[in-house]
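Comments concern the structure below.
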Amino acid sequence: MRRQTKLTRDSFHVFQANARNALRQSQQIPSVLICAGTGCIAGGAMKIYENIQAECAQRGLSVYVGLKHDSDEEKSLHVKMSGCHGFCEMGPLVHIEPMGVMYIHVKPEDCHEIIEKTVLGGEIIDRLVYKLNGVAYPRQADIPFYKT
């Protein structure tokens, strides 16, 4: 049987402050999330993941893939497969943080431009963003599908 330890108010506040600090730091680290839902996988997401990794390797960019955060290594670019984003008809999807950018219908040949222009340059690639009724929605949070 596992013994439970009770947190004091002070130790809880220290724990809370450390968690907030870790969250702030993680929000500053660039992350490329490739949707690994069934629809995106069927549309070629695995090849996109491989190409993103290869583009980073060609540039000598340090890429962190892992779940633990106990070294300076995780301060490098994160490239990860993510769970389904729910927008399957627009897949494969690539989400880039901390910009909040969502690219749709991504093809393996788009990976070079995504790394070059968006990850390294901070530019949005207009042809890869979701558009509805002539309005472009580069940020996932602004896409009407996610607002309902």
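The values are calculated or read from the model by the stated rules, or taken from the named source; none is laboratory data. Source: prediction; values computed, not measured. All Cβ positions, glycine included, derive from the backbone under ideal geometry; neighbour counts span all protein chains shown.
May I ask you to verify whether Tyr146 is closer than 20 Å to Gly43 by Cβ and in contact with a Phe, Trp or Tyr (Cβ under 8 Å, 6 or more places away or on another chain)? Yes, satisfied. Here is a check on your reading of the model: is Asn51 at pLDDT 90 or above and exposed (fewer than 15 other Cβ atoms within 10 Å of the Cβ)? Against the criterion (at pLDDT 90 or above and exposed (fewer than 15 other Cβ atoms within 10 Å of the Cβ)), Asn51 does not qualify. All conditions but one from (1) at pLDDT 90 or above; (2) more than 14 Å from the chain's Cα centre (by Cα); (3) part of a helix (DSSP H, G or I) apply to Lys131; the one that does not is (3).
Suppose we keep only residues that are at pLDDT 70 or above and outside any helix (DSSP H, G or I) within region 1-28. Which one would you say is surrounded by the most Cβ atoms within 10 Å (Cβ to Cβ)? Filtering region 1-28 for residues that are at pLDDT 70 or above and outside any helix (DSSP H, G or I), the one surrounded by the most Cβ atoms within 10 Å (Cβ to Cβ) comes out as Leu7.
How many residues does region 64-108 hold that are surrounded by 13 or more Cβ atoms within 10 Å (Cβ to Cβ), basic (Lys, Arg), out of contact with any Leu (no Cβ under 6 Å at 6 or more places or on another chain) and modelled with pLDDT under 90? Residues that pass the stated criteria total 1.
Within region 77-95, residues that are farther than 15 Å from Cys111 by Cα and hydroxyl-bearing (Ser, Thr, Tyr) have Cβ atoms under 9 Å from residues that are at pLDDT 85 or above and part of a loop (DSSP other than H, G, I, E, B) in these pairs: Ser82/Ala36; Ser82/Gly37; Ser82/Leu93, counting only partners at least 6 apart in sequence or on another chain.
A single entry from Gly122, Gly100 fulfils the requirement of being touching a residue at least 24 places away in the same chain (Cβ under 8 Å) and either polar (S, T, N, Q) or at positive phi (or both): Gly100. Candidates Cys111, Cys56: the one that is part of a helix (DSSP H, G or I), at pLDDT below 90 and surrounded by 15 or more Cβ atoms within 10 Å (Cβ to Cβ) is Cys56.
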